[in-house]
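The values are calculated or read from the model by the stated rules, or taken from the named source; none is laboratory data. Fair warning: this is a prediction, and the values are worked out from it, not measured in the lab. Using ideal geometry, Cβ is built from the backbone for each residue, glycine included, and neighbour counts are taken over all protein chains shown. Note: accessible area is taken over every heavy atom of the protein model, side chains too, but ligands, DNA and RNA are not part of it. Shrake-Rupley method; radii C 1.70, N 1.55, O 1.52, S 1.80 Å.
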Amino acid sequence: MKVLVVEDEAEIRRTVVQYLSGSGYLVESVVNLREAEDKLAVFEYDCVLLDLMLPDGSGLDILKKIKANYPQTGVIILSAKDSINDKISGLDLGADDYLPKPFHLEELMARLKSIIRRRSFAGSNIVEFKELKIDVEARQVFVNNVDAQISGKEYDILLFFVTNKNKVISKNSIAEHVWGDYTERLDSIDFLYTHIKNLRKKLTAMGCGDYIKSIYSVGYKFADI
Amino acid sequence: MKLNQHYIRFYIYVSVLVFIISLISSYFGFKLIVIKNIDLSLSEERKELIHEFRSGVYNQKHGDLVDLERLTEVPAKFNDVYKTVDVYDKDLKRVVKFRELTTCFYKNNDVYRLKMKFHLGPHLNNIFTIFPYFLVNFIFFVVCFYVVNSFFLKRTFFPFYQILNSLKVYDIQKGDYNPGIKTNIYEFNELNDISSNLTDRVHKDYKVQKEFIENSSHEFKTPLAIINNHLDLLIQSENLTEDEMQHISIIYDAIKRLNNLNKNLTFLFKIENQHFTDNHWVALSPVLERIINANVDLYMDKDITLSKYIGGEVNLKINETLLEVLLNNIINNAFKYGLEGSNISIRLTSSSLEVTNKGDATQMKDINMFNRFVTSGDVNSTGLGLSIVKKICDLYKLDVTCTVFEDMFSVFLEFPIEEPTDFE
């Protein structure tokens, strides 16, 4: 999987590249539109992560070119610009997703995987981890091929875990991923504990391994060991 | 009051005043003329009477109206005296006005005084017979003057109304002031130039401000994103101790607060500067239900019971984002400050929404809850929630009040009684 990061802010570029590379992606990064065009002309990418405010112009310009010349490439806009118009015009021009800054790297990973799933061919609707099988299309979870009856928020949490497997995920990023803007006004995200406890109980009851590990006060890790 | 109403009112007042003054002055004018005439004829008659008396042909045929008397002493003054006198008329049983001429003359060294009276009544009454004509003339004049004037007023003020209408429909986002007036009246041209300059400047300021808000918000977000992303990477490290993780957790929360503060302040600025303009008819109860469900989910471990009554459908012409923020801020506050295990009551009727929760009585103050940065003493609150609520309500002219009764805090939102004519 090849991903191109177009971002002029060095530190954001560096962290995104590091996180995605750590999950097995082949990541390249450029700092402006001109370099991005050069890269796109030579290589084929599964997804482009595109900042809108770049030193030599707006990311929306290159978005048009990507959609016209490389229709198989997915685009996620990463923008700090707080404007609904930008979001609308970005999505209208064919961007697959719009991720406002600041974002969590886990969230970026979830969006990226979702786009790659949508864009690739047959069988890609199934996400597997050991005895777990998640049908993304039908929003169903199977443990050893038996429906585990996990739905709603618990399903969202589990998919987020599996998408970011073997990584420590902060509680904030889980809450924001699943409850979105509603978490903005929360004082504490302790409620997450109840949901994760329920999810764990359901999975282990079906004979699934207990892969969700609590990492002190900061978050959780979904991993084999 | 409208300009032409104001004009008509003023015009009528002045006309009536002018009419009354001219009525009074012409009455006195006419009276003066009548008396002058009577005095003249009295004077003529006097000459005749004196002549008659001197020639000895005077007789008493003149009755009460003439009084001739021989004086024993010579009076100091001999000149004629004209005056108006009141005489009691026995037949009519009322006082009647007479004009009286008193004069003295000699006949064979004897002094005589002659008093002659003339009945004024019929002559004065004659004055009143001409007033109806006077009135008709006056009304005719007033109406003609009014018609001509209002026509003139309408024509003259046409450019003014064009400017007014243009300003009324002026859209600050488009900066589309152009009344297209053609007039050679200096003041209107000046008004148009000033309006044009002002609207131009307002539009430019609006654009600059909008850019500033977007940019400053952007400048905040980039460092926040960098901190966030580095923390996301940092927690992947295998060798962090529990203590270190706690520090990181606190940094995460602080970033979240900073981000919310930035978002909410930008949001307030945007509401104040009318960035949310696309209003549609939105049914309120589905949005409310969604928000209640989300909050029930988020505060699952608080054991809050919910008394929900949805007894009416409310449609508001509003920006959907603002409606969601408005309702969420109210509902979320109730859950956030509601005591553990207590009850929250949400009542929606066709005219109002009331949300009541039981809170910590020591931390509640009802005054100034809508002001910025007024918090209930809770460190995690940005203090902008209710002030955003107030701003949105002000924008849509919704009436919002919050009251504290013992340990019950309630927010009451009243909807305008206005039914949708079209659904978009």
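What to note about this one:
- Of the GluC sites (Glu not before Pro) found in the stretch A:114-184, the ones in coil according to DSSP and having at most 16 other Cβ atoms within 10 Å of their Cβ are A:GLU131, A:GLU137.
- Quarter of the Cα convex hull surface for the stretch B:280-414, i.e. its orientation-mean projected area (nm²): 7.5
- Percent of Cα pairs in the stretch A:126-222 per distance bin of 10 Å, from zero to the largest separation: 15, 52, 28, 4.
- Quotient of C-alpha Rg and 2.2 N^0.38 Å, computed over chain A: 1.07
- The stretch B:64-137 versus the stretch B:266-281: alpha-carbon centroid distance in Å: 89
- Relative intensity, log₁₀ I(q)/I(0), of the stretch B:3-129 from a Debye sum that treats every alpha carbon as a point, q = 0.18, 0.22 Å⁻¹: -1.04, -1.28
- Charges were assigned to the Cβ only: +1 to each Lys and Arg, -1 to each Asp and Glu. The resulting dipole of chain A about its Cα centre is roughly 740 debye.
- Computed over the alpha-carbon pairs of chain B, the distance histogram in 10 Å steps reads 3, 12, 14, 12, 10, 8, 7, 6, 7, 7, 6, 4, 2, 1, 0, 0 percent, short to long.
- Nearest-0.05 FRET efficiency for B:GLU44 and B:THR129, computed from C-beta distance (R0 25 Å): 0.45
- Annotation: extensible slack from B:ASP360 through B:ASN37 equals 106.4 nm (criterion: 0.36 nm per residue apart, minus Cα-Cα distance).
- Helix axis angle, B:186-234 relative to chain B longest principal axis, alpha carbon, degrees: 20
- Estimated inter-spin distance, B:GLU187 and B:VAL296, nm [label 7 Å along Cα→Cβ]: 6.6
- Rg in Å to one decimal, and Dmax rounded to a whole Å, for the stretch A:2-119 via C-alpha atoms: 12.7, 34
- Averaging 1/r across all pairs of distinct Cα atoms in the stretch B:126-224 and inverting the result yields a Kirkwood radius of 18.1 Å.
- Evaluated at q = 0.22, 0.25, 0.27, 0.30 Å⁻¹: base-10 log I(q)/I(0), Debye formula over Cα of the stretch B:283-336: -0.87, -1.05, -1.17, -1.31
- Prolate/oblate/rounded call for the stretch B:265-354, Cα gyration tensor, a/c under 1.5 rounded: oblate
- Cβ charges +1 (Lys, Arg) and -1 (Asp, Glu), total dipole of the stretch B:194-272, debye: 640
- Sorted largest first by accessible area at a 1.4 angstrom probe radius, with every protein chain in place, the residues B:MET116, B:MET1 fall in the order B:MET1, B:MET116.
- Looking at the stretch A:2-119, the accessible area is 40 square angstrom per residue; that uses a 1.4 Å probe and ignores ligands, DNA and RNA.
- Virtual spin-label span in nm between B:HIS51 and A:LYS197, 7 Å along Cα→Cβ: 13.8
- Label-zone membership for the stretch B:316-341, site A:ASP187, 7 angstrom Cα→C-beta point, backbone N under 14 Å: B:332-341
- Each residue of the stretch A:182-190 was assigned a 3J(HN,Hα) from its phi angle through the Karplus expression (A = 6.51, B = -1.76, C = 1.60, θ = phi - 60°), giving 5, 7, 3, 9, 7, 7, 9, 10, 5 Hz with x at Gly and Pro.
- Applying the criteria of a DSSP loop state and at most 13 other Cβ atoms within 10 Å to the GluC sites (Glu not before Pro) of the stretch B:172-258 yields B:GLU238.
- The stretch A:5-64 and the stretch A:199-215: distance between their alpha carbon centers, rounded to Å: 37
- For the segment B:297-303, counting C-beta atoms of other chains within 10 Å of every residue's C-beta and taking the mean gives 5.
- For A:ILE212, net neighbour charge (Lys/Arg +1, Asp/Glu -1) across residues whose Cβ lies under 9 Å away: +2
- Look at the Cα gyration tensor of the stretch B:194-272: its axes a ≥ b ≥ c give a/c of at least 1.5 with a/b over b/c, and that counts as prolate.
- Counting only protein heavy atoms and using a 1.4 Å probe, the accessible area of B:PHE188 comes to about 20 Å².
- Peptide packing: for A:36-44, B:25-33, B:320-328, the average count of neighbouring Cβ atoms within 10 Å per residue gives the ranking B:320-328, A:36-44, B:25-33, highest mean first.
- Alpha carbon centroid spacing (whole Å) that separates the stretch B:314-357 from the stretch A:155-196: 25
- Scattering profile of the protein assembly as shown at q = 0.07, 0.09, 0.10 Å⁻¹ [log10 I(q)/I(0), Debye over alpha-carbon scatterers]: -0.65, -0.93, -1.07
- Evaluated with a Cβ-only charge set (Lys, Arg +1; Asp, Glu -1), the stretch A:126-222 carries a dipole of roughly 380 debye about its Cα centre, given to the nearest 20.
- Accessible surface of the stretch B:194-272, 1.4 Å probe, proportion on carbon and sulfur as whole %: 58
- If the segment from A:ALA41 to A:ASP224 were pulled out straight at 0.36 nm per residue, it would be longer than the present Cα-Cα gap by 61.9 nm.
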